[in-house]
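Q: Quick one: the structure is below, and I'll ask about it shortly.
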Amino acid sequence: MRPLVVANWKMNGSEPMLRSLVQALGERQNEIAAEVVLALPAPFFSLARALLHSSGITWGGQNIHSLKEGAFTGEISGKMLTEMGGRWSLIGHSERRAFAAETDELVADKVLACLDMGLTPIVCLGEHLEDREQGKTIQVIDRQLQAVMSVVRPEEMKNLVFAYEPIWAIGTGQEATPEMAQAVHHHLKDKMATKGSNCPSILYGGSVKAENVSGLLAMPDIDGVLVGGASLDPEGFAALCVNAGQG
Ligand code: PGA
(Lines give C-alpha, C1' and ligand atoms only; values in the text may rest on other atoms or scores of the structure.)
Protein backbone atom coordinates (compact mmCIF):
# COMPACT_ATOMS: atom_id res chain seq x y z
CA MET A 1 0.00 0.00 0.00
CA ARG A 2 1.21 3.54 -0.74
CA PRO A 3 2.27 5.42 2.39
CA LEU A 4 -0.06 8.26 3.37
CA VAL A 5 1.46 11.69 4.00
CA VAL A 6 -0.88 14.17 5.68
CA ALA A 7 0.05 17.85 6.03
CA ASN A 8 -1.39 19.51 9.14
CA TRP A 9 -1.11 23.25 8.67
CA LYS A 10 -2.69 24.00 12.08
CA MET A 11 -3.47 27.77 12.26
CA ASN A 12 -0.82 28.68 9.71
CA GLY A 13 -0.53 29.40 6.02
CA SER A 14 -2.02 31.70 3.44
CA GLU A 15 -3.51 31.49 -0.02
CA PRO A 16 -0.14 32.23 -1.69
CA MET A 17 1.43 29.50 0.46
CA LEU A 18 -1.21 27.01 -0.64
CA ARG A 19 -0.54 27.90 -4.28
CA SER A 20 3.22 27.41 -3.72
CA LEU A 21 2.68 24.08 -2.00
CA VAL A 22 0.48 22.75 -4.78
CA GLN A 23 3.00 23.97 -7.36
CA ALA A 24 5.95 22.36 -5.53
CA LEU A 25 4.06 19.05 -5.31
CA GLY A 26 3.04 19.31 -8.96
CA GLU A 27 6.65 19.84 -10.06
CA ARG A 28 7.73 16.61 -8.34
CA GLN A 29 4.56 14.69 -9.14
CA ASN A 30 6.40 11.99 -11.10
CA GLU A 31 8.72 11.27 -8.17
CA ILE A 32 5.99 11.12 -5.50
CA ALA A 33 4.73 7.60 -4.88
CA ALA A 34 2.99 8.48 -1.59
CA GLU A 35 -0.66 9.44 -1.24
CA VAL A 36 -0.75 13.11 -0.20
CA VAL A 37 -3.49 14.79 1.85
CA LEU A 38 -3.65 18.41 3.03
CA ALA A 39 -5.49 19.17 6.33
CA LEU A 40 -6.19 22.85 6.00
CA PRO A 41 -7.74 25.76 7.92
CA ALA A 42 -11.36 26.31 6.77
CA PRO A 43 -10.74 29.67 4.99
CA PHE A 44 -8.60 27.83 2.42
CA PHE A 45 -11.14 25.12 1.55
CA SER A 46 -12.47 26.95 -1.45
CA LEU A 47 -9.02 27.52 -2.97
CA ALA A 48 -8.05 23.92 -2.19
CA ARG A 49 -11.09 22.71 -4.09
CA ALA A 50 -10.13 24.80 -7.10
CA LEU A 51 -6.40 24.00 -7.07
CA LEU A 52 -6.52 20.31 -6.22
CA HIS A 53 -9.33 19.36 -8.55
CA SER A 54 -8.12 16.28 -10.47
CA SER A 55 -4.56 16.64 -9.07
CA GLY A 56 -4.55 13.30 -7.26
CA ILE A 57 -4.06 15.20 -3.98
CA THR A 58 -7.03 15.24 -1.63
CA TRP A 59 -7.70 17.58 1.27
CA GLY A 60 -9.70 17.99 4.43
CA GLY A 61 -10.11 19.94 7.64
CA GLN A 62 -8.57 19.82 11.08
CA ASN A 63 -11.74 19.45 13.14
CA ILE A 64 -15.51 19.24 12.75
CA HIS A 65 -18.41 19.64 15.16
CA SER A 66 -20.15 16.44 16.18
CA LEU A 67 -23.50 17.75 14.87
CA LYS A 68 -24.52 18.60 11.31
CA GLU A 69 -25.83 22.10 12.03
CA GLY A 70 -27.11 24.34 14.78
CA ALA A 71 -26.40 27.31 17.02
CA PHE A 72 -22.67 26.72 17.47
CA THR A 73 -21.00 29.99 16.55
CA GLY A 74 -17.55 29.58 15.06
CA GLU A 75 -17.83 25.85 14.37
CA ILE A 76 -17.92 23.98 11.07
CA SER A 77 -19.70 20.70 10.39
CA GLY A 78 -18.71 17.59 8.52
CA LYS A 79 -21.62 18.31 6.19
CA MET A 80 -20.07 21.65 5.19
CA LEU A 81 -16.64 20.12 4.73
CA THR A 82 -18.06 17.37 2.52
CA GLU A 83 -20.08 19.85 0.47
CA MET A 84 -16.89 21.82 -0.20
CA GLY A 85 -15.20 18.68 -1.51
CA GLY A 86 -13.14 17.80 1.58
CA ARG A 87 -12.59 14.09 2.13
CA TRP A 88 -10.81 13.95 5.50
CA SER A 89 -10.77 15.52 8.93
CA LEU A 90 -8.26 15.36 11.72
CA ILE A 91 -10.11 14.44 14.91
CA GLY A 92 -8.91 14.76 18.49
CA HIS A 93 -5.53 16.34 17.76
CA SER A 94 -3.70 16.79 21.06
CA GLU A 95 -3.87 20.58 20.63
CA ARG A 96 -7.67 20.38 20.51
CA ARG A 97 -7.75 17.98 23.43
CA ALA A 98 -5.66 20.54 25.35
CA PHE A 99 -6.97 23.93 24.15
CA ALA A 100 -10.56 23.06 23.27
CA ALA A 101 -11.04 20.57 26.12
CA GLU A 102 -11.98 17.72 23.78
CA THR A 103 -12.65 14.57 25.79
CA ASP A 104 -12.31 10.98 24.60
CA GLU A 105 -16.12 10.82 24.37
CA LEU A 106 -16.38 13.96 22.25
CA VAL A 107 -13.62 12.65 19.99
CA ALA A 108 -15.63 9.43 19.55
CA ASP A 109 -18.77 11.44 18.66
CA LYS A 110 -16.81 13.39 16.06
CA VAL A 111 -15.51 10.15 14.56
CA LEU A 112 -19.12 9.01 14.12
CA ALA A 113 -20.02 12.38 12.58
CA CYS A 114 -17.21 11.92 10.03
CA LEU A 115 -18.32 8.40 9.13
CA ASP A 116 -21.89 9.59 8.80
CA MET A 117 -20.79 12.16 6.22
CA GLY A 118 -18.44 9.82 4.35
CA LEU A 119 -15.35 11.67 5.61
CA THR A 120 -12.29 9.72 6.70
CA PRO A 121 -11.42 10.70 10.26
CA ILE A 122 -7.72 10.81 11.12
CA VAL A 123 -7.96 10.15 14.83
CA CYS A 124 -5.01 11.43 16.84
CA LEU A 125 -3.78 9.56 19.90
CA GLY A 126 -0.74 10.24 22.05
CA GLU A 127 0.78 10.43 25.47
CA HIS A 128 2.38 13.29 27.42
CA LEU A 129 6.03 13.08 28.39
CA GLU A 130 5.07 12.37 32.02
CA ASP A 131 2.92 9.42 30.89
CA ARG A 132 5.87 7.95 29.03
CA GLU A 133 8.26 8.57 31.91
CA GLN A 134 5.84 6.83 34.26
CA GLY A 135 5.47 3.86 31.91
CA LYS A 136 1.84 4.75 31.15
CA THR A 137 2.06 5.19 27.37
CA ILE A 138 0.06 2.07 26.53
CA GLN A 139 -2.52 2.78 29.23
CA VAL A 140 -3.20 6.27 27.81
CA ILE A 141 -3.28 5.10 24.20
CA ASP A 142 -5.59 2.21 25.09
CA ARG A 143 -8.02 4.56 26.83
CA GLN A 144 -8.12 6.87 23.80
CA LEU A 145 -8.51 3.93 21.39
CA GLN A 146 -11.18 2.26 23.51
CA ALA A 147 -13.40 5.36 23.44
CA VAL A 148 -13.46 5.15 19.64
CA MET A 149 -13.83 1.36 19.48
CA SER A 150 -16.80 1.48 21.81
CA VAL A 151 -18.84 3.47 19.27
CA VAL A 152 -17.53 2.24 15.90
CA ARG A 153 -18.56 -1.23 14.69
CA PRO A 154 -15.55 -3.57 14.19
CA GLU A 155 -16.19 -3.91 10.45
CA GLU A 156 -16.28 -0.12 10.10
CA MET A 157 -12.91 0.43 11.74
CA LYS A 158 -11.18 0.09 8.37
CA ASN A 159 -12.78 3.40 7.36
CA LEU A 160 -10.73 5.26 9.96
CA VAL A 161 -7.11 6.32 10.03
CA PHE A 162 -5.29 6.71 13.33
CA ALA A 163 -2.29 8.93 13.97
CA TYR A 164 -0.02 8.12 16.87
CA GLU A 165 1.44 11.46 17.94
CA PRO A 166 3.43 11.45 21.17
CA ILE A 167 2.76 14.94 22.56
CA TRP A 168 6.39 15.40 23.57
CA ALA A 169 7.44 14.94 19.94
CA ILE A 170 5.06 17.53 18.45
CA GLY A 171 6.81 20.70 17.29
CA THR A 172 9.85 19.94 19.44
CA GLY A 173 12.25 18.61 16.82
CA GLN A 174 12.53 15.50 18.96
CA GLU A 175 10.77 12.72 17.09
CA ALA A 176 10.15 9.29 18.55
CA THR A 177 12.67 6.78 17.25
CA PRO A 178 11.27 4.48 14.57
CA GLU A 179 11.46 1.62 17.11
CA MET A 180 9.51 3.55 19.77
CA ALA A 181 6.78 4.44 17.30
CA GLN A 182 6.72 0.90 15.87
CA ALA A 183 6.14 -0.57 19.33
CA VAL A 184 3.02 1.58 19.86
CA HIS A 185 1.72 1.02 16.31
CA HIS A 186 2.16 -2.72 16.70
CA HIS A 187 0.32 -2.64 20.00
CA LEU A 188 -2.58 -0.69 18.46
CA LYS A 189 -2.92 -3.08 15.53
CA ASP A 190 -2.71 -6.06 17.81
CA LYS A 191 -5.38 -4.64 20.09
CA MET A 192 -7.75 -3.97 17.20
CA ALA A 193 -7.14 -7.41 15.73
CA THR A 194 -7.89 -9.11 19.06
CA LYS A 195 -11.19 -7.25 19.24
CA GLY A 196 -12.05 -8.49 15.75
CA SER A 197 -11.72 -5.05 14.16
CA ASN A 198 -10.65 -4.51 10.60
CA CYS A 199 -7.41 -2.71 11.05
CA PRO A 200 -7.09 0.87 9.81
CA SER A 201 -3.89 2.57 8.69
CA ILE A 202 -1.82 4.14 11.46
CA LEU A 203 0.28 7.24 10.84
CA TYR A 204 3.09 8.52 13.00
CA GLY A 205 3.23 12.26 13.80
CA GLY A 206 5.67 14.42 15.76
CA SER A 207 8.66 16.25 14.23
CA VAL A 208 8.56 14.33 10.96
CA LYS A 209 10.78 15.88 8.28
CA ALA A 210 12.30 14.98 4.91
CA GLU A 211 15.37 13.60 6.68
CA ASN A 212 13.66 11.16 9.07
CA VAL A 213 10.58 10.06 7.12
CA SER A 214 12.13 7.03 5.38
CA GLY A 215 13.42 5.56 8.64
CA LEU A 216 9.96 5.82 10.20
CA LEU A 217 8.20 4.37 7.17
CA ALA A 218 10.64 1.45 7.04
CA MET A 219 8.87 0.08 10.15
CA PRO A 220 6.29 -2.60 9.32
CA ASP A 221 3.37 -1.03 11.20
CA ILE A 222 3.92 2.64 10.30
CA ASP A 223 1.63 3.27 7.32
CA GLY A 224 2.21 6.98 6.87
CA VAL A 225 3.01 10.26 8.59
CA LEU A 226 1.20 13.35 9.88
CA VAL A 227 3.38 16.39 9.31
CA GLY A 228 2.98 19.75 11.05
CA GLY A 229 5.86 22.26 10.87
CA ALA A 230 7.59 20.64 7.89
CA SER A 231 4.43 20.98 5.78
CA LEU A 232 4.74 24.77 5.83
CA ASP A 233 7.78 24.80 3.56
CA PRO A 234 6.58 23.91 0.05
CA GLU A 235 9.89 22.59 -1.36
CA GLY A 236 10.76 20.81 1.89
CA PHE A 237 7.34 19.17 2.04
CA ALA A 238 7.57 18.07 -1.59
CA ALA A 239 10.99 16.50 -0.78
CA LEU A 240 9.45 14.78 2.24
CA CYS A 241 6.70 13.32 0.02
CA VAL A 242 9.31 12.07 -2.46
CA ASN A 243 11.33 10.42 0.33
CA ALA A 244 8.17 8.91 1.82
CA GLY A 245 7.48 6.97 -1.34
CA GLN A 246 10.96 5.47 -1.54
CA GLY A 247 10.43 2.67 0.95
P1 PGA B 1 5.00 18.64 13.98
O2 PGA B 1 3.43 18.53 14.27
O3 PGA B 1 5.29 17.89 12.72
O4 PGA B 1 5.26 20.12 13.84
O5 PGA B 1 5.71 18.05 15.15
C6 PGA B 1 2.73 17.34 14.02
C7 PGA B 1 1.28 17.50 14.41
O8 PGA B 1 0.98 18.16 15.41
O9 PGA B 1 0.38 16.96 13.72
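Q: Whole-Hz ³J(HN,Hα) for each residue in segment 201-217, computed from phi via Karplus 6.51 cos²θ - 1.76 cosθ + 1.60 with θ = phi - 60°, x for glycine and proline: what do you get?
A: 6, 10, 8, 10, x, x, 6, 7, 9, 4, 6, 10, 5, 5, x, 5, 6
Q: Also, I was wondering about something else. Suppose R0 equals 30 Å. What FRET efficiency, 1/(1 + (r/R0)^6) with r the Cβ-Cβ distance, do residue 193 and residue 49 give to the nearest 0.05?
A: On the way: r = 37 Å, r/R0 = 1.24.
E(calc), rounded to 0.05, equals 0.20.
Q: Under 8 Å for C-alpha pairs, at least 6 residues apart: give me the relative contact order for segment 36-89, rounded to a whole percent.
A: Numbers: 67 pairs, mean separation 21.5, N = 54.
It comes to 40 percent, rounded to a whole number.
Q: Further question on the same structure: Quick one: which residues, 5 or more positions from residue 123 or on another chain, have an amide H under 5 Å from its amide H? H modelled 1.01 Å from N in the peptide plane, none for Pro or chain starts.
A: Excluding prolines and chain starts, which carry no amide H, the hits are 91, 161, 162, 163.
Q: Between segment 23-71 and segment 198-214, what is the C-alpha centre distance in whole Å?
A: The two parts, judged by their Cα centres, are 18 Å apart.
Q: State the answer as a single residue: which of 92, 217, 81 lies farthest towards the positive end of the charge dipole of segment 4-244, with beta carbon charges of +1 for Lys and Arg and -1 for Asp and Glu, about the Cα centre.
A: 81
Q: With every protein chain present, what accessible area does residue 32 have (1.4 Å probe, heavy atoms only), rounded to the nearest 10 Å²?
A: Here the residue's solvent-accessible area equals roughly 30 Å².
Q: Evaluate 2.2 N^0.38 Å with N set to the residue count of the chain, then give the Cα radius of gyration divided by it. Show your work: numbers first, answer last.
A: Details: Rg = 16.8 Å, N = 247, 2.2 N^0.38 = 17.9 Å.
Rg over 2.2 N^0.38 Å, computed on Cα atoms: 0.94.
Q: With +1 on the Cβ of every Lys and Arg and -1 on the Cβ of every Asp and Glu, and nothing else charged, how large is the dipole of the chain about its Cα centre, in debye rounded to the nearest 20? All intermediate terms of the calculation are to be shown ahead of the outcome.
A: On the way: 20 positive and 29 negative charges, 88 e Å.
Around 420 debye, computed over the chain.
Q: Right, something else. Could you give me the ³J(HN,Hα) list for segment 181-186, computed from phi with Karplus coefficients 6.51, -1.76, 1.60 and θ = phi - 60°, whole Hz, x at Gly and Pro?
A: For segment 181-186, the Karplus-derived couplings read 5, 4, 4, 6, 4, 5 Hz, x marking Gly and Pro.
Q: On to the next question. Work out how much length residue 73 to residue 105 would gain on full extension: take 0.36 nm times their residue separation and subtract the Cα-Cα distance, in nm to one decimal.
A: Values: separation 32, 0.36 × 32 = 11.52 nm, distance 2.13 nm.
The residue 73-residue 105 span can extend by a further 9.4 nm.
Q: Peptides 24-30, 221-227, 117-123: what's the order by average Cβ count within 10 Å, highest mean first? Walk me through the numbers on the way to the answer.
A: Details: 24-30: 14.3, 221-227: 25.1, 117-123: 22.7.
Those peptides, ordered most packed to least, come out 221-227, 117-123, 24-30.
Q: Now a separate question. Charges only on Cβ, +1 for Lys and Arg, -1 for Asp and Glu: so what's the dipole of segment 122-247 about the Cα centre, in debye to the nearest 20? Don't jump to the answer; show the numbers that get you there.
A: Details: 9 positive and 16 negative charges, 85 e Å.
Rounded to the nearest 20 debye, it is 400 debye.
Q: Can I ask one more? For residue 199, what accessible surface area do you get with a 1.4 Å probe? Give it in Å², rounded to 10.
A: Rounded to the nearest 10, that gives 60 Å².
Q: For residue 225, list long-range residues whose amide hydrogen, built 1.01 Å from N in the peptide plane, is under 5 Å from its own amide hydrogen.
A: HN-HN under 5 Å from residue 225: 4, 5, 6, 204.
Q: Mind grabbing the accessible area of residue 49 for me, 1.4 Å probe, Å², rounded to tens?
A: In the full protein context, residue 49 sits at about 110 Å².
Q: In debye, nearest 20, what is the charge dipole magnitude of segment 31-109 about its Cα centre with +1 on Lys and Arg Cβ and -1 on Asp and Glu Cβ, if you could check? Let's see the in-between values first.
A: Values: 6 positive and 10 negative charges, 49 e Å.
It comes to approximately 240 debye.
Q: Please list the non-local residues whose amide H lies under 5 Å from the amide H of residue 63, H modeled 1.01 Å from N, same-chain partners needing a gap of 5 or more.
A: 90
Q: Taking every DSSP beta bridge that has both residues in segment 4-244, what percent is antiparallel when rounded to the nearest 5? The partial results should precede the final answer.
A: On the way: 0 of 30 bridges.
Percentage antiparallel, nearest 5: 0.
Q: For the chain, what's the relative contact order in percent, using C-alpha pairs closer than 8 Å and at least 6 residues apart?
A: On the way: 480 pairs, mean separation 57.2, N = 247.
For the chain, the relative contact order is 23 percent.
Q: Kindly flag which residue pairs out of 158/209; 79/209; 10/136; 10/189; 136/195; 79/158 have an alpha-carbon separation exceeding 24 Å in this structure. Don't skip to the end; give the middle numbers.
A: Details: 158/209 27 Å; 79/209 33 Å; 10/136 27 Å; 10/189 27 Å; 136/195 21 Å; 79/158 21 Å.
In this structure, 158/209; 79/209; 10/136; 10/189 lie more than 24 Å apart at Cα.
The values are calculated or read from the model by the stated rules, or taken from the named source; none is laboratory data. Please read these numbers as outputs of a predicted model, since none were measured by experiment. With ideal geometry, Cβ positions are generated from the backbone for all residues, glycine too; neighbour counts draw on all protein chains shown. Just so you know, the surface numbers come from the protein's heavy atoms only, side chains and all, with ligands and any DNA or RNA stripped out. Shrake-Rupley method; radii C 1.70, N 1.55, O 1.52, S 1.80 Å.
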